[in-house]
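Here's the structure we're looking at; comments come further down.
The values are calculated or read from the model by the stated rules, or taken from the named source; none is laboratory data. Remember, it's a predicted structure, so these values are computed and weren't measured experimentally. Neighbour counts run over all protein chains shown; Cβ positions are idealised from the backbone, glycine included.
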Amino acid sequence: MVGVSKWPLFSLLSPEELATIRQACVFGTSANEAIYVTHANEVFVFGVKWGSSLGPGGSHSTIVSQKLNCLRGKKIISLSYGSGPHILLAVEDGQLFAWGNNGYCQLGNGSTSQGRCPVLLNGNLRNKKVKEVACGSHHSMALTQDGEVFAWGYNNHGQIGTGSTANQPFPKKVSSCLQGKTAVGITCGQTSSMALVDNREIYGWGNNNSGQLGFGSSEKQLTPRRLTALQGLNIQQVVSGHSHCLALTDEGQLYAWGANTFGQLGNGKKGKYHAPVQIMASIGRVVEVAACHSTHTSAAKTNSEQVYMWGHCRGQSFFLPQLTDFAATDDVFACFATPSVMWRLLSIEDEDVPTVAEALWKEFDSPDMADLTFRVDGKCIHVHRAVLEIRCEHFRSVFRSQSSEDQREVIEIRQFSYSVYRSFLQFLYTDTVDLPLDDAIGLLDLATSYSESRLKRLCGQIIKKGITVENAFALLSSAIRHEAEDLEEFCFRFCVGHLTRVTQAETFWQSDGAMLKEFISRASRCGAFKN
């Protein structure tokens, strides 16, 4: 699969952070917000324009990733976003979480208050387990594991499918209108909804002003109605764009209908199509189609691994499918969609075959195959001697200097705390560091002792994020003591930039006299006292 680096927003993350990403989704009116999941199943959000969709509970922009602790360890199986934006997220055990914009009850919690933190919604779904979610502009849908469809939120065009146009504050079952069918898939346009049922037929409801429901007219539909134009075909996939739809049959045939101002139907013509027309019949069997409710872009992949795009592509209108050099439909949205959002939750790796990084992460501190144990503060950490020798010059030197008789199976560590030493060993397995500021200072001490320059830089990044006027001078002292030049320069500039408040902090005057003298002299040379 394509990596996340093709989306401009991810250029804000460090290479170390990018290496941890297993799943991701970019959304927002300017593709300016994102959510991603690490190999350790930790969920992070970040963005350059604040929206309550970010989820950590704050009310400000952040270009620094923030962890959603309430989702830690949960394996995401489906994610979708609205235009507000609002977020729906389903995890492996069937739990459904929602947060973000809620002006039209699209969070399904009965209120119109913004949701700044993920809220569990299963209680409002009769405690059903959810396997798939979909969002329109301001409405939401969920598909349960037993094939029931629930919808809620904005309903001005009947997109909730309950027979009225009143907004729906709580999830309401709509599959009762599907003539007893069991749904196997759902998708949303901006103000329309669709479900794929077990016999591979499509049902649609909601706005139909551009013919996006495919019924042959432009009348809105307040309850689910079967798309008869594709009767007899076995539909494998249906996706919705802003106001157009694409459907793929089991034989690789592609059909499209709805709005076509930018050529998003790909039939070489302009103008709305209120009923499905076949597309791309000449280029071979299609195995995947892609569209997103926030764009007018379409894409498809054939069984020969060729990727085509059409519609609105970076300001240009392509009325016929254009062959690209891409390997995945996701690339089309990264490089040509406006905005450059993701049309689905992107999986970076094939989860069926663990990567080397995933395999190492899994084996860290696992006693099953470990051949060495460190005991720190009375607690054990299980590791593999070969991994430590490959990754760390300190261990390589120690192990190679020992005879086979001298090699111990348990090594006592007294110089460092358990949390610090465990973070160090975990770094050797995962190449990442995630620990509180106080422990980061201790880990910086360890990294200096073991001559681990990369680890020093990662500790410096954590310390930089946690610097305040109260601790800035103490952190400067630590950086100088550990010869962390980049961190030292950062802390010094911070102290000079907040000179009055830093010098009023209690920790400043508790510092070593020689350190104070050196700081004042250095700050003076930088012109800090010229006024």
field: Hits in segment 499-514 (condition: loosely packed, with under 14 Cβ neighbours inside 10 Å and among the polar types (S, T, N, Q))
entry: T500, Q504, Q510
- prompt: So which of G378, G311, G315 ends up being within 28 Å of the chain's Cα centre (by Cα) and surrounded by fewer than 16 Cβ atoms within 10 Å (Cβ to Cβ)?
  reply: G315
- request: Would you be able to say whether some residue in segment 163-178 is among the hydrophobic types (A, V, I, L, M, F, W, C), without any contact (Cβ under 8 Å) to a residue 40 or more places away in the chain and over 30 Å from K67 (Cβ atoms)?
  value: yes
- request: Hey, can you tell me all the residues within segment 216-259 that are in a strand (DSSP E or B) and β-branched (V, I, T)?
  value: T223, I235, V238, V239, T249
task: Among the candidates M309, M342, single out the residue that is part of a strand (DSSP E or B), at pLDDT 95 or above and under 30 Å from S218 (Cα atoms).
output: M309
- line: Flagged pairs (Cβ under 8 angstrom, 6 or more apart or on separate chains; first in segment 272-287, assigned by TED's automatic domain parsing to the domain that holds T329 and under 18 Å from G311 (Cα atoms); second among the aliphatic types (A, V, I, L, M) and assigned to a loop (DSSP other than H, G, I, E, B)) are K272/A259; Y273/L265; P276/L227; V277/L265; I279/L265; V286/M280
field: Boolean, G161 is buried (at least 24 other Cβ atoms within 10 Å of the Cβ), under 20 Å from the mean Cα position of the chain (by Cα) and on the phi > 0 side of the Ramachandran plot
entry: no
